[in-house]
Ligand SMILES: NC(=O)c1ccc[n+]([C@@H]2O[C@H](COP(=O)([O-])OP(=O)(O)OC[C@H]3O[C@@H](n4cnc5c(N)ncnc54)[C@H](O)[C@@H]3O)[C@@H](O)[C@H]2O)c1
């Protein structure tokens, strides 16, 4: 066992499978006491069972660690609050929360139903809010703590998962808001965009050029939860981890501005905008065009 997180208490949502499981095991192996939350659902969010979270607690205990299970649904306020309450009642403090829980309901935008939109946004975005909300109230009092959200490269947009993409974009903005709002209390907030072999990534209909294991993601999360990351003042960041690669995303900023005197009219803008402000080409649209071309040629599309 390492000691990167010695003495810390960490809660992980979606910790029953895939990346969340690796994060829970990795945090415990580095000395953290862990709240293992998992609603135990299928990939589309159906058929909950408490056995999934309990199984990971047993795995952690078998490896000599300490953990407690919470099988609640984090898309409810009560579920998010319970994750935090169990940390406090079991271990007396809460140093980090990692919101990994997620589901998929894939559908093109023009066919998507409310039943496909709402639970996906509720699990990812609201499920991050409910835990951040409850945890940040505790961390503000402690004047210390770390919040970690899970986003995806798909926050840039998605052909067939607009619900998931919108939720993942929202998580980045929520993380940045947490970084800003809790800065003066010594609390940090960051987001991780993983690419790792799990049941969720097995559904991606293309070959991923860069992919790794859940344990790669866990190593980055453990670092972000540690005092070493705090010493480096890491907050408000989005990191991709994909096998051997770790990348930091740019902060959103205006790319190009131009000014004209007088009030704008549509005609004036039509004359002015294309040659001065212009556009910023969308990388995923260029990739989509390449894939459409490859599909026409009969070769298998390859995501960058
Ligand atoms: N695997 C990848 O390559 C990849 C890529 C981009 C983003 N992500 C993100 O990483 C996270 C983990 O993905 P994964 O691949 O390990 O998925 P996974 O399906 O293996 O695990 C997700 C876990 O979340 C749990 N869960 C679902 N709804 C819940 C709820 N309401 N409350 C509590 N738990 C709930 C599930 O029971 C499951 O055990 C997700 O947020 C996903 O969007 C994964």
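The values are calculated or read from the model by the stated rules, or taken from the named source; none is laboratory data. Since the structure is predicted, the reported quantities are computational estimates derived from the model, not experimental observations. Here the Cβ is made from the backbone with ideal geometry for all residues, glycine too, and neighbour counts use every protein chain on show.
Would you be able to tell me the number of residues in the range 165-190 that are surrounded by 24 or more Cβ atoms within 10 Å (Cβ to Cβ) and within 25 Å of residue 108 (Cβ to Cβ)?
3
For the range 14-66, enumerate the residues that are near the ligand (Cβ under 7 Å from one of its atoms) and in contact with a helix residue (DSSP H, G or I) (Cβ under 6 Å, 6 or more places away or on another chain).
14, 16, 18, 19, 37, 38, 40, 45
Looking only at the range 1-42, count how many residues are within 16 Å of the chain's Cα centre (by Cα) and under 15 Å from residue 200 (Cβ atoms).
The qualifying residues number 12.
Let's see how each residue does on (1) free of Cβ contacts under 8 Å to residues at least 24 places away in the same chain; (2) within 16 Å of the ligand (Cβ to nearest atom):
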residue: 179; (1), (2): no, no
residue: 184; (1), (2): yes, no
residue: 191; (1), (2): no, yes
residue: 199; (1), (2): no, yes
residue: 208; (1), (2): no, yes
residue: 212; (1), (2): no, yes
residue: 215; (1), (2): no, yes
residue: 238; (1), (2): no, yes
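Can you name the number of the only condition in (1) under 22 Å from residue 164 (Cα atoms); (2) assigned to a helix (DSSP H, G or I); (3) in the same structural domain as residue 25 (by TED's automatic domain parsing); (4) in contact with a strand residue (DSSP E or B) (Cβ under 8 Å, 6 or more places away or on another chain) that residue 287 fails?
Residue 287 satisfies all of (1) under 22 Å from residue 164 (Cα atoms); (2) assigned to a helix (DSSP H, G or I); (3) in the same structural domain as residue 25 (by TED's automatic domain parsing); (4) in contact with a strand residue (DSSP E or B) (Cβ under 8 Å, 6 or more places away or on another chain) except (3).
Which one of these does residue 72 not meet: (1) closer than 24 Å to residue 163 by Cβ; (2) in contact with a strand residue (DSSP E or B) (Cβ under 8 Å, 6 or more places away or on another chain); (3) in contact (Cβ under 8 Å) with a residue 40 or more places away in the chain?
(3)
So is residue 294 surrounded by 12 or more Cβ atoms within 10 Å (Cβ to Cβ), in a loop (DSSP other than H, G, I, E, B) and not assigned by TED's automatic domain parsing to the domain that holds residue 149 or not?
Considered against the rule, which asks whether it is surrounded by 12 or more Cβ atoms within 10 Å (Cβ to Cβ), in a loop (DSSP other than H, G, I, E, B) and not assigned by TED's automatic domain parsing to the domain that holds residue 149, residue 294 comes out as no.
Return yes when residue 82 is under 30 Å from residue 249 (Cβ atoms) and in the same structural domain as residue 210 (by TED's automatic domain parsing) and no when it is not.
Spelling it out, it is not the case that residue 82 is under 30 Å from residue 249 (Cβ atoms) and in the same structural domain as residue 210 (by TED's automatic domain parsing).
Out of the range 2-22, which residues are assigned to a loop (DSSP other than H, G, I, E, B) and on the phi < 0 side of the Ramachandran plot?
2, 3, 4, 5, 6, 8, 15, 16, 17 - these are the residues of the range 2-22 that are assigned to a loop (DSSP other than H, G, I, E, B) and on the phi < 0 side of the Ramachandran plot.
What about residue 156, is it more than 27 Å from residue 70 (Cβ to Cβ), out of contact with any strand residue (DSSP E or B) (no Cβ under 7 Å at 6 or more places or on another chain) and surrounded by 24 or more Cβ atoms within 10 Å (Cβ to Cβ)?
no
Any residue in the range 84-95 that is within 20 Å of residue 222 (Cα to Cα), within 15 Å of the ligand (Cβ to nearest atom) and not in a helix (DSSP H, G or I)?
no
So, restricting to helices (runs of 4 or more DSSP H) that lie completely within the range 161-276, which ones have at least 1 residues that are outside the structural domain of residue 140 (by TED's automatic domain parsing) and closer than 30 Å to residue 294 by Cα?
none
Got a sec? Which of 106, 114 is farther than 25 Å from residue 230 by Cα, surrounded by 17 or more Cβ atoms within 10 Å (Cβ to Cβ) and at pLDDT 95 or above?
That would be 106, the only listed residue that is farther than 25 Å from residue 230 by Cα, surrounded by 17 or more Cβ atoms within 10 Å (Cβ to Cβ) and at pLDDT 95 or above.
Hey, any hits in the range 193-205 for a residue that's at pLDDT below 95 and exposed (fewer than 11 other Cβ atoms within 10 Å of the Cβ)?
yes
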